[in-house]
Structures are given as C-alpha cells and as structure tokens.
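Enquirer: Handing you a structure now.
Please treat every number below as a calculation from the coordinates, not as lab data. Keep in mind the model is a prediction, meaning the values are calculated, not measured. In this analysis, Cβ positions are derived from the backbone assuming ideal geometry, glycine residues included, and neighbour counts consider all displayed protein chains.
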Amino acid sequence: MSEHLVDRLLASGARRGDAIGLATSRDGRVAISRDQVSADLDPASVAKTIAAIDAELAPRWVMWDQRTAATLVAHGIRLVRSWDLAAADRFVHGGWATSPALIWARLHDLDPNTIPVERGPDLFNQIDPAVESASPIDPDGYLRASWSAGGWEDFDGGAVTWASLALRCARLQRAATDTLPDPPRTLSALRSESSIELLCSELAADGLPLDEARANELIAGYIGPRPTTQQDEFDARAQRDAAVFAAAPGVGQVDLRSPGQVRTLLRRVGIEVPDTRAWRLKELRDRHPIVEALLTWRKAERIESTFGYRWLDENVSGGRLRGVWSGCDGAAGRMTASAGLHNLPAELRDAVRAEPGYVFVRADLGQIEPRVLAVVSGDPKLAEATRDDDLYAPVATALGVPRDVAKVAVLGAMYGQTTGIGAEALRGLNAAYPVAMAYLERADRSAQAANDLRTFGGRLIRLSASSPSPNGTEDRAAVAARGRFGRNAMVQGAAAEFFKVWALTVRARVAPLDARIVLCLHDELLVHTPAEYADKVAAAVDAALQEAAARWAPSSDGRSTTGRSDAGRSTTGHSAVRFVAETSVVTSWADAK
C-alpha cells in the first residue's frame, strides 16, 4: 500500500517538499490528498505509509490545526514539517480567533460577519443530509457549518475531501504571501510557525520530567504537609498568617490578602508605600522585620494557591508535568503553555529532574532582544556591540555609564521606559545607536496612532481595533501605553520568530540521538537526552544556533558570521550580528546557571 501510494504521488508530478493535505478521523484513520491522488488509510497502515512518503518526498504536511498533529503523536507518529492553516491565519491576520470557516472566508474574500453557524433543524431550517454530504461549500461560497464543526467525519469520503480542502487553502495562503512586504521572509516564517505546532503537540504529549516526591517535599517546605481535610488547609493558612504578625507584635491583625489592609499594617510600623508590589517591598527589607516576613508569606501563598498539592494532582501524571502548548499567544507571537509550565517558581525547579539514565541539556539565549533589535533595525553600531559576549559592556563604554545603567537604558528603550535610573543614559542611546532608536520610535508613534504593525517575519500586530475616538478624547495614558506595546512587540515578536527557528532546528538535529525538547521558555530550551549522548546533544544545540541564525535572517551575501567563545557558549550571527547561548548539562533544572 505505502509503496504503491508513493509511486502514484511520483507519477502525478509530486516533488520533494511539495504540500500534501492531511486529515485525521476519530477512529484513527488518516486521509491524504494531493490533486488527483488521494487515499483513506486504515490505522494499521498509517505509520508505514507516512514514513514511506516522508522518506521519498519529504513533504510539507498540510493540516487545519494542531489537533491533527496531536492525534498522530498519540499514535506514535511525529511529522517532520507541516503547514498549519490556523497558525498561518493567526500570523497573517493577527489575534487569536480562527476556525476552518474563518480561514476559508478570508481566503475567498467572503464577509467573515456572515459565516454560517451550525443550527439544528427547526420549522424554518430543514437540513438535507444528502446536500450536506455532497458538497462542503454552500451556495454562497462559504464552508458549510456542519463541515467546519467536524461533520465531515460522518460523510462518506469526507476525510479525503477535508484533506483536499486543506491543501487548497494552503496554496491560497502561500499565494497570498506575495502581497505582503517581504514575501520570501514571510513564507519562511509561516513554515516555522506551522512546524512549531508539531513541536507543541509533542511537548503536550511528552510532558516535562518531574520528580513527584521531590515536588511534594519542596511544596511542604513552604506550606506544610499535604492536608487531608479542609480544616487542615485552614489551619496551615492561619499558621502562615501568624508568622507575619509575629514579626510585629502588638500592631494588630489584618487580612494579608487585601493590598489595602497590608498597606495599613505597614503604616502601623512606620512604612508608607503607594502599593505593595514585591519589587517595592524588596527595597524596604531593612526597614522592619515584617517586610521580610511578608515577602516569605507571599511566596508561600503563591505556591499554595497556584503550585500546591492540587496543582500536582491535576497536572502531573506518569512522572511528567503536562500542559497544553500553543505556538503563539495571539499578540506578538510568543509560545504559550498551561499548567504553570511558563511560570514555575524558581523554588520548585529542583523537582524538574531528568529521568534515570538521562540528563538535561539546557540552553539559554543571551541578551536575545537587543541582539534581535540590531538585526531588525539594521543598526551597524548596535551590531558592532553584539560582537561582545556581554552586549551591555560596549554599550556602557559608548554611553560612559556603568554596565547596570546601560542595561536598564537598553531595556527601557525597548519597553518604552523613559524615567528612572536609565533615563539619562536612554537619551544617550539616541546618539550612540540612532538607527535602532529610530526604529523603536517609529513603532511607538505608529502604535500610538493605532496603526497595525508587522514584525520582522510578517506577523500582524493588531492595533487598529483600539483606535482613538473620533473626537480625540482618548486618555493620553492609554495612547502612551499602546505606543510602548508597539515598540516592544516589534522586538519581542521578532525574537519569538527567531527562537522558534532555533527550537525547530534543535528538534531536527537531536532526534537521531533519541533526545527530545521538553520545555520552551521564551529564550530557553530544555532537552531531555540519554546521558551517553549529552556532549553530542550539547554540541548539536550550539550548532543549531548557528544554523538558525543563517536561516532566520540570512545576510545579503547569503553568509552568516560564526564563531565560538568560552566553553559552553556558542556564538553566531546575521552579517555582523552575533547571537550567544549559554549551554550546560544538568540533572536538575535548578542546577542550570
């Protein structure tokens, strides 16, 4: 069956890298479609057939969304590359909301506001099953609501038709890139945004290795032993509260979960604060013992409410912390994860431990956002600064300020912070790095005016939905906040695009070594690898950084500068821009420095 299907695809003119439509059914069947060649595969033949097609044609498998990949992963099938219609739609049109019906409408210039909605039969709406199954398109050109809602699985030949429709949409999405500012770059970004959904499905299925015994031990250290009754929970909470009040005897008790009452408590010991944010309290540690007690209480409270025993019970199974992953957040495009995978407190990281016979290769991109800014803005002077392992050192020299001040200034420029310790140095950045600062300023002004933006790769950052009122009465603070968001989104979005290219390159290079990525955290990768291959995987991760930089933003002559600095630190770059990563081999995530 598999060899015959490959022969048919070759005879139809299929070439390596071509797109092939794919659809998965609830019963484990898989349909594939490419023009005149189609097949409805039974579960027993799926893995062998897909492997044969991958080996001969290395196609880009087209799917409506990540659910197709998740179904295949559950059956032990991991695709190499894909075109994800939902991911591409979110990238080109911005935001999060998408669906097969919306994708179809956008690609066929149909009004999204009149997309048919599935309704049951009633006196005025009689559904003819024969008509529904005969064609997925209604008389007005829209995708039928029943098909979009998954009804295609119940129609004879529906799976093959659904795969064929996916392929048709992918080709239209591909053609639409020609209308965007940089079609080749956008096409490259759409491919990585699609394939990152494959990695997301694998991250969800594999989970993050977690030692449950160690997790219970760490949690108990903050909130006490696991409660057996609700009264136990109340008693433990009361004990934690009492420890705070004991730090200031005689001042009375308040509700520590009320910021206003906490301010009252602090006022009683002579500390006046406008708010009780953690960073503000940390600056007042030396004023009174109650401040440290409050900080300790808050840490325990967060663990109890968000990362306590209930969290373990709901999200950990088989020694793995499991959550739902997505390739974008609907804003600037960063990856997202549920179950606290992106917010795990440092205090609990020692519970993230490699399984026996395995280790973690952990790699963390260094100063990624300012290095990305050097690429996307094309600032030659900032590019020169990236040649240093510590980008902030040459910036500090150029500005004539301490390194810490230079760091605050650079971050302030990207986040729109114009006051505070780095404010004066921030003004110096305009003279030292005028091209990069002008790039940020243009993004800020455009966002303030509620103009949509596109990232380096072409993702739409939607701002027009929050356009100013016609009479110009919009709050100035809201306008300024929109500007800050715009300038940061342009850098953060591009950084997310680069990170995904790197992650996908690592995924491909370490797979032959039986290693798998188990965590993507903004600019950090955690790879679970057999201990015997640790050095090879670490080297592969470093090499992948060089490869990813060349793919993400190739220089005009097609080359990228590469090199290597001190042990465990890889470097590469687009033209004159260098990227660095700190790579280490550890058995516990807490050991990574």
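Enquirer: Quick one: work out the % antiparallel among DSSP beta bridges in the range 2-179, nearest 5.
Expert: The antiparallel fraction comes to roughly 65 percent.
Enquirer: So who's got an amide H within less than 5 Å of the one on S82, skipping anything under 5 residues away but keeping other chains? H placed 1.01 Å off N, in plane.
Expert: For S82, whose amide H was placed from the backbone, the distant partners under 5 Å are W61, S195.
Enquirer: Apply the Karplus curve 6.51 cos²θ - 1.76 cosθ + 1.60, θ = phi - 60°, to the phi angles in the range 245-255 and return the couplings in whole Hz, x for Gly and Pro.
Expert: Calculated HN-Hα couplings, in order: 5, 5, 6, 9, x, x, 8, x, 10, 9, 7 Hz.
Enquirer: Hey, another quick one. At a 10 Å Cβ-Cβ cut-off, how would you order F485, F360, fewest neighbours first? Before the final figure, lay out the partial values.
Expert: On the way: F485 23, F360 27.
Listed from fewest to most nearby Cβ atoms, that is F485, F360.
Enquirer: Binning at 10 Å from 0, report for the chain what percent of all alpha-carbon pair distances ends up in each bin.
Expert: Histogramming the chain at 10 Å steps yields 3, 14, 21, 25, 21, 12, 4, 1, 0 percent.
Enquirer: Report, in listed order, any pair from K282/K500; K407/K500; K282/K407; K299/K536 with a Cα-Cα distance greater than 29 Å.
Expert: Details: K282/K500 35 Å; K407/K500 25 Å; K282/K407 20 Å; K299/K536 38 Å.
Exceeds cut-off: K282/K500; K299/K536.
Enquirer: Lys/Arg Cβ at +1, Asp/Glu Cβ at -1, dipole of the chain taken about the Cα centre: which of T505, L203, V269 is farthest positive-ward?
Expert: V269
Enquirer: Rank by packing, highest mean first: peptides 20-26, 511-517, 458-464, with packing defined as the count of other Cβ atoms within 10 Å averaged across residues.
Expert: Order by mean packing, descending: 20-26, 458-464, 511-517.
Enquirer: OK, next. In square nanometres, what is one fourth of the surface area of the convex hull spanned by the alpha carbons of the range 2-179?
Expert: Reported value for the Cα convex hull: 11.0 nm².
Enquirer: Still on this structure, I have one more. Hey, got the dipole for the range 369-494? About the Cα centre, +1 on K and R Cβ, -1 on D and E Cβ, debye to the nearest 20?
Expert: Working: 15 positive and 13 negative charges, 64 e Å.
With only Lys, Arg, Asp and Glu charged at Cβ, the dipole is about 300 debye.
Enquirer: Still on this structure, I have one more. Quick one: compute a quarter of the convex hull surface over the Cα atoms of the range 298-428 and quote it in nm². Mind dumping the intermediate values first?
Expert: Values: hull surface 46.5 nm².
Over all viewing directions, the range 298-428 projects a mean Cα-hull area of 11.6 nm².
Enquirer: Quick one, can you get me the convex hull of the C-alpha atoms of the range 198-324 expressed as volume per residue in Å³?
Expert: Values: hull volume 17.5 nm³, N = 127.
For the range 198-324, the hull spanned by Cα atoms encloses 138 Å³ per residue.
Enquirer: With axes computed from alpha carbons, what is the tilt in degrees of helix 476-510 against the longest principal axis of the chain, rounded to the nearest 10 within 0 to 90?
Expert: Helix 476-510 sits roughly 60 degrees off the main axis of the chain.
Enquirer: Suppose only helical runs count, i.e. DSSP H with n ≥ 4. What mean residue ellipticity at 222 nm does that imply for the chain under -39500 (n - 2.57) per run, divided by all residues and rounded to the nearest 500 deg cm²/dmol?
Expert: Values: 23 runs with 288 residues, N = 593.
Mean residue ellipticity at 222 nm (helix-derived): -15000 deg cm²/dmol.
Enquirer: Based on DSSP, what percent of beta bridges with both residues in the chain are antiparallel, to the nearest 5?
Expert: 85
Enquirer: Another question about this same structure. By counting other Cβ atoms within 10 Å of each Cβ, how are I77, I53 ranked from fewest to most?
Expert: Working: I77 17, I53 20.
The order, fewest Cβ neighbours first, is I77, I53.
Enquirer: OK, next. At a 10 Å Cβ-Cβ cut-off, how would you order S584, S377, S146, fewest neighbours first? Can you show the working numbers first?
Expert: Numbers: S584 17, S377 24, S146 20.
Ordered from fewest to most neighbouring Cβ atoms within 10 Å, S584, S377, S146 come out as S584, S146, S377.
Enquirer: Find the relative contact order for the range 369-494 and round it to a whole percent, using C-alpha pairs within less than 8 Å whose residues are 6+ positions apart.
Expert: Details: 170 pairs, mean separation 32.1, N = 126.
It comes to 25 percent, rounded to a whole number.
Enquirer: Can you figure out the FRET efficiency of E212 with D514, using R₀ = 25 Å and their beta-carbon distance, to the nearest 0.05?
Expert: Details: r = 24 Å, r/R0 = 0.95.
Here the calculated transfer efficiency is 0.55.
Enquirer: With charges set only on the Cβ (+1 for Lys and Arg, -1 for Asp and Glu), what does the dipole of the chain come to about its Cα centre, in debye to the nearest 20?
Expert: Numbers: 69 positive and 76 negative charges, 325 e Å.
Magnitude of the dipole: close to 1560 debye.
Enquirer: Roughly how tilted is helix 43-57, in degrees to the nearest 10 and between 0 and 90, from the longest Cα axis of the chain?
Expert: Approximately 90 degrees, to the nearest 10.
Enquirer: Restricting to Cα pairs below 8 Å that are 6+ residues apart, what does the relative contact order work out to for the chain? Please round to a whole percent.
Expert: On the way: 970 pairs, mean separation 82.0, N = 593.
Rounded, it is 14 percent for the chain.
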